[in-house]
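Reviewing the structure listed below.
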Amino acid sequence: MLDLRIPEISSTSGPDSDGVVNGRVSQSELICSISNVQMSNVVYAYRKDTATGFSQFQDISTNAVSDVAFEPFGSTDNFSANDALILSCTEEVKEIFFRITTPGVFTCDGIDVLISTDGITFNTTLTGVTDNSNAFRNAAGIYRITLPNDTGHVDSSPVPGEITSRRWHLIKFRNLTGITTAPQINHIWLIHQDANMTYMDSTAVQNSSMTSNVFGTFDTTVFPTIGTTHYYAFPFLAYGMETAVFRKFITAMTRTTEYLSSDDTWKTLPDYVDPSNALTNGPTTLGETAITYSRRWTIPTDWASKTLSFPLDGGESVSYTGYFIRQPITSITTYGPLGRALWRARGRAFGSGNSNGIYHKTSTTYSYVTFTIGNPSSTDMVISFTNCITGQSRSINIPANSVDSGSLTGGRLDFSSPLTIGAGEHLLISHVSGSGVIQDMELHLDKS
């Protein structure tokens, strides 16, 4: 058994103001920080014009990325029912984003997206296409067309011998009538299918000095979308990381946070707290100082070291081995090209030589906790108990306003499974989540 008196537990308690109340964990560099956030840097675009009674094709690839308004289906004077926008990229496309500057005014039953499966003509109309632009008729802004996996899509040419064969997508209007105004847009972005995604490796950038505001060529524009995923890996089991944000993302986004378990499946990371709100909190512009946020979580019992490989932009690939978490984007407030968030990071990983806590001369196993509190927290608080050497951790949730464990069902808080601290090993106690403060706490750890 172990009896402790703890003056205070909060997110900023302890000698390093990091929530560690018994012991210390040194910051460690990340094994990797890597993401598939990207913008398609190549857009091939043609306008099919049928106003003269036969098809003419105009290369508008330069217009598609110029940020100058143009008419993808032709001007109002010659816009007709069989006109089309034809697009392709270096890889298969899953989403087409475009910025409307002048919405179209006409009647139609939506858009059709056609591909070639015979290598000769646009012979297949895709099913499952979604278009949130109301067929290019919504107000000015960025919209997207989402495509299904293009099973059977093959290279073809709209004009053999003149236009290069590619996996083209032809967009046209269904039952177009009543044309008053042809739509205008000023940019097109093509996002690859997941199987063709490449990654940007920012490990060296994130591992640079936590106080340096020099980011060089990393300070570029990116286009996050739903499904864009960031991966981090740690050298050992970690209970959190510090993120120094020099410039935030200006568009709010929601991410889920998962860890790679011993059975090679991704599972929700328990008790995850991120005050940076997926890097959307912090300074709006890059300055000399950053705001540091502490991300925290409960260490899962089945989190295991794994090796993952990532294809990079340049065609090569890179492999990393460590304890992985990933954060796919599940929602975005406003789509569009964004200045990349600029930040540094350090892990809070356990392991011999990197952390210490309450020394145990003999091996001891703990199964539950009882407590009394002089000044309870007004919110629920999650506290973790970790073996500094093995990284194995167990957590308890102390309900808001609790002054003693005797008022709880069962009179104690049980660990999910026993936690063993071997002879010569250390026990560390730390805050995981909860915005309140617990003061004057007596803890009793014991086994059944």
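The values are calculated or read from the model by the stated rules, or taken from the named source; none is laboratory data. The structure displayed is predicted, hence computed values, not measured ones. Cβ atoms come from the backbone with ideal geometry, glycine included; neighbour counts cover every protein chain shown.
Among the residues of this structure, residue 326 counts as one that is modelled with pLDDT of 95 or more, under 22 Å from residue 30 (Cβ atoms) and basic (Lys, Arg). In this structure, does residue 101 turn out to be hydroxyl-bearing (Ser, Thr, Tyr) and assigned to a strand (DSSP E or B)? Yes: the conditions hold for residue 101.
Could you list all residues from the range 202-229 that are in contact with a Leu (Cβ under 9 Å, 6 or more places away or on another chain) and under 30 Å from residue 389 (Cβ atoms)? Quick ask: steps written out before the conclusion?
Filtering the range 202-229 down to residues in contact with a Leu (Cβ under 9 Å, 6 or more places away or on another chain) leaves 203, 205-207, 213, 215, 218-219, 221-224.
Within the range 202-229, 203, 206, 207 meet the criteria.
Taken over the range 366-381, the criterion of being buried (at least 16 other Cβ atoms within 10 Å of the Cβ) and of a type outside the set (S, T, N, Q) is satisfied by 366, 368, 369, 371, 373, 376, 381.
Would you point out which residue out of 180, 125, 107 is among the hydroxyl-bearing types (Ser, Thr, Tyr) and out of contact with any Leu (no Cβ under 8 Å at 6 or more places or on another chain)?
Values: 125 fails: out of contact with any Leu (no Cβ under 8 Å at 6 or more places or on another chain); 107 fails: out of contact with any Leu (no Cβ under 8 Å at 6 or more places or on another chain).
Answer to the check: 180.
So, in the range 92-115, exactly how many residues are acidic (Asp, Glu) and at pLDDT below 95? Reasoning before the result, please.
To start, the set of residues in the range 92-115 that are acidic (Asp, Glu) comprises 92, 95, 109, 112.
After this cut, where a residue has to be at pLDDT below 95 as well, the list is 92, 95.
Residues that pass the stated criteria total 2.
Note on the range 104-130: residues that are assigned to a strand (DSSP E or B) and within 11 Å of residue 169 (Cα to Cα) amount to 6.
Filtering the range 439-448 to residues that are outside any strand (DSSP E or B) and surrounded by 15 or more Cβ atoms within 10 Å (Cβ to Cβ) leaves nothing.
Mind checking whether some residue in the range 133-142 is out of contact with any Gly (no Cβ under 6 Å at 6 or more places or on another chain) and of a type in the set (Val, Ile, Thr)? It would help to see each step written out before you state the result.
Applying the first criterion (out of contact with any Gly (no Cβ under 6 Å at 6 or more places or on another chain)) to the range 133-142 yields 133-134, 138-141.
Right, trim to of a type in the set (Val, Ile, Thr) and you get none.
Taking every residue of the range 133-142 in turn, none turns out to be out of contact with any Gly (no Cβ under 6 Å at 6 or more places or on another chain) and of a type in the set (Val, Ile, Thr).
Do we find a residue being part of a loop (DSSP other than H, G, I, E, B) and touching a Lys or Arg at 6+ places or on another chain (Cβ under 9 Å) anywhere in the range 364-382? Checked the range 364-382: no residue is part of a loop (DSSP other than H, G, I, E, B) and touching a Lys or Arg at 6+ places or on another chain (Cβ under 9 Å).
Of everything in the range 172-219 that is small (Gly, Ala, Ser) and surrounded by 20 or more Cβ atoms within 10 Å (Cβ to Cβ), the residue that is nearest to the chain's Cα centre (by Cα) is 202.
Counting only residues that are touching a residue at least 40 places away in the same chain (Cβ under 8 Å) and not in a strand (DSSP E or B), the range 339-363 holds 10 of them. Here residue 448 meets the list (1) more than 30 Å from residue 232 (Cα to Cα); (2) hydroxyl-bearing (Ser, Thr, Tyr); (3) under 33 Å from the mean Cα position of the chain (by Cα) almost entirely, failing just condition (3).
Inclusion of residue 226 among residues that are surrounded by 13 or more Cβ atoms within 10 Å (Cβ to Cβ), out of contact with any helix residue (DSSP H, G or I) (no Cβ under 6 Å at 6 or more places or on another chain) and in the same structural domain as residue 66 (by TED's automatic domain parsing) is not warranted.
Selection over the range 131-163 of residues that are at positive phi and buried (at least 19 other Cβ atoms within 10 Å of the Cβ) gives a count of 2.
Taken over the range 342-365, the residue count meeting the criterion of being crowded, with 21+ Cβ neighbours inside 10 Å and of a type outside the set (Lys, Arg) is 8.
Only residues that are assigned to a loop (DSSP other than H, G, I, E, B), within 26 Å of residue 324 (Cα to Cα) and either of a type in the set (Lys, Arg) or modelled with pLDDT under 90 (or both): list them for the range 19-56, please.
Residues of the range 19-56 that are assigned to a loop (DSSP other than H, G, I, E, B), as a first pass: 19, 23, 26-27, 29-31, 36-43, 50-55.
From what is left, the residues that are within 26 Å of residue 324 (Cα to Cα) are 19, 23, 26-27, 29-31, 36-39.
Correct list: 23, 37, 38, 39.
Note on the range 405-438: residues that are surrounded by fewer than 17 Cβ atoms within 10 Å (Cβ to Cβ), farther than 26 Å from residue 389 by Cα and more than 30 Å from the chain's Cα centre (by Cα) amount to 6. Tell me, yes or no, whether the range 269-282 has at least one residue that is within 29 Å of residue 431 (Cα to Cα), surrounded by fewer than 16 Cβ atoms within 10 Å (Cβ to Cβ), more than 16 Å from the chain's Cα centre (by Cα) and at pLDDT 95 or above. No - not one qualifying residue is present in the range 269-282.
None of 294, 305, 309 is more than 30 Å from residue 418 (Cα to Cα), of a type outside the set (Asp, Glu) and surrounded by fewer than 20 Cβ atoms within 10 Å (Cβ to Cβ) except 309.
Across the range 81-98, what is the number of residues that are in a loop (DSSP other than H, G, I, E, B), crowded, with 18+ Cβ neighbours inside 10 Å and touching a Phe, Trp or Tyr at 6+ places or on another chain (Cβ under 8 Å)? Walk me through it before giving the result.
So in the range 81-98, the residues in a loop (DSSP other than H, G, I, E, B) come out as 81-83, 89-92.
Subset that is crowded, with 18+ Cβ neighbours inside 10 Å: 83, 89, 92.
Next, only the ones that are touching a Phe, Trp or Tyr at 6+ places or on another chain (Cβ under 8 Å) stay: 83, 89.
Matching residues across the range 81-98 total 2.
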